[in-house]
Amino acid sequence: MLVDSHCHLYFDAYDEDRAEVIARARRDGVQVMLSLGVDVVSSRATVALAEAHEGIYAAVGVHPNDASKAWEGERTLEALRALAASPKVVAIGEIGLDYYRDRTPRPLQWHVLRQQLDLAAELGLPVSIHNREATADLFGILREWVADLRDEGSPLAERPGVWHAFGGSVAEGEKAVALGFRLGIGGPLTFKNAPERREVAAALPLRALLVETDSPFLAPHPYRGRRNEPAYVRLVAARLAEVQGLDFETVAAATSHNALQLFQWRDSV
Ligand code: NI
């Protein structure tokens, strides 16, 4: 079994062949896919998709790059809260900070992230975190949030979320894990020119790792630059097994178990 812990299946890149993409993933052993929204409209689409397919679950949220356009304060929170009432919604995401694209003023990014972390705490849902060149500020905000969860005795303190597409150092990874976060490993692990990614992934604890594709983006080698799809998570897991010196089945089972522990989806829905 494999879990693709981060993809965007509602993208129009799949409009022509979405059913085949999903069927290919299943055929290749990807039994569970988590599809994440980036604003209210895409969150609604991803919940509808999850409700129509066994094995597909949804996360709802506003991405930092979409926040300038998509964030309408209380109205947005209310819409996300309503969507999260679906039993197929297992996380709040994709949320976070992005100083690379910097499409949203930073104070607004901080506000939107904090509001959605509070929503996650209120709903008891873990978060899926996006970071680009904002590591220090992100740690500051997440550390505060987790401290509050711990103070309140929230069960979410044990499973606050996943740091998706983790691209930091071993020390940063360990710091995130100490806060309770899992780390999402994706296509860049397989890139020819990314030996440092493999060094880091070799040193991270398997008990904290998830595998992901971020489809339709970041396709792993040998599909780099083409459209990504959840079936390719197998290539990420295979490379992770290689760098950790383990067999494929061990890594597939461990990362699937870690994802289930974090997102706690229910088989029956
Ligand atoms: Ni993403």
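Throughout, read-outs are computed from the coordinates displayed, never taken from laboratory work. It should be emphasised that the depicted structure is a prediction, and the values quoted were computed from it without experimental measurement. Here the Cβ positions follow ideal geometry from the backbone for every residue, glycine too, while neighbour counts run over all protein chains shown.
Across the range 158-180, which residue is surrounded by the fewest Cβ atoms within 10 Å (Cβ to Cβ) among those that are among the acidic types (Asp, Glu) and over 23 Å from residue 100 (Cβ atoms)? Checked the range 158-180; the qualifying residue surrounded by the fewest Cβ atoms within 10 Å (Cβ to Cβ) is 158. Residues in the range 215-237 that are more than 13 Å from residue 188 (Cα to Cα) and crowded, with 18+ Cβ neighbours inside 10 Å: 216, 229, 230, 231, 234. Regarding residue 165, is this residue more than 16 Å from the ligand (Cβ to nearest atom) and of a type in the set (A, V, I, L, M)? In short, no.
May I ask you to list the residues in the range 119-132 that are more than 16 Å from residue 153 (Cα to Cα) and not in a helix (DSSP H, G or I)?
127, 128, 129, 130, 131, 132
Selection of the range 181-207 for residues being small (Gly, Ala, Ser), crowded, with 21+ Cβ neighbours inside 10 Å and away from the ligand (no atom under 16 Å from the Cβ) yields only 201.
Each residue in the range 94-115 was checked for being surrounded by fewer than 24 Cβ atoms within 10 Å (Cβ to Cβ) and either touching a Lys or Arg at 6+ places or on another chain (Cβ under 6 Å) or closer than 25 Å to residue 155 by Cβ (or both), and 4 of them qualify. Of all residues in the range 133-144, those satisfying the criterion of being of a type outside the set (Lys, Arg) and either part of a helix (DSSP H, G or I) or surrounded by fewer than 17 Cβ atoms within 10 Å (Cβ to Cβ) (or both) are 133, 135, 136, 137, 138, 139, 140, 141, 142, 144. Please tell me if residue 36 is touching a residue at least 12 places away in the same chain (Cβ under 8 Å) and under 15 Å from residue 7 (Cα atoms). Criteria met by residue 36.
Between 91, 70, 147, 84, the distinction of being surrounded by 14 or more Cβ atoms within 10 Å (Cβ to Cβ) and more than 16 Å from the ligand (Cβ to nearest atom) belongs to 84 only.
Could you tell me which residue of the range 47-67 is surrounded by the most Cβ atoms within 10 Å (Cβ to Cβ), considering only residues that are farther than 20 Å from residue 113 by Cα and in contact with a helix residue (DSSP H, G or I) (Cβ under 9 Å, 6 or more places away or on another chain)? Out of the qualifying residues, it is 57. In the range 110-129 there is no residue matching the filter, namely being within 16 Å of the ligand (Cβ to nearest atom) and over 20 Å from residue 144 (Cβ atoms).
Residue count for the range 212-249, restricted to those that are away from the ligand (no atom under 16 Å from the Cβ), touching a residue at least 40 places away in the same chain (Cβ under 8 Å) and under 15 Å from residue 2 (Cβ atoms): 7.
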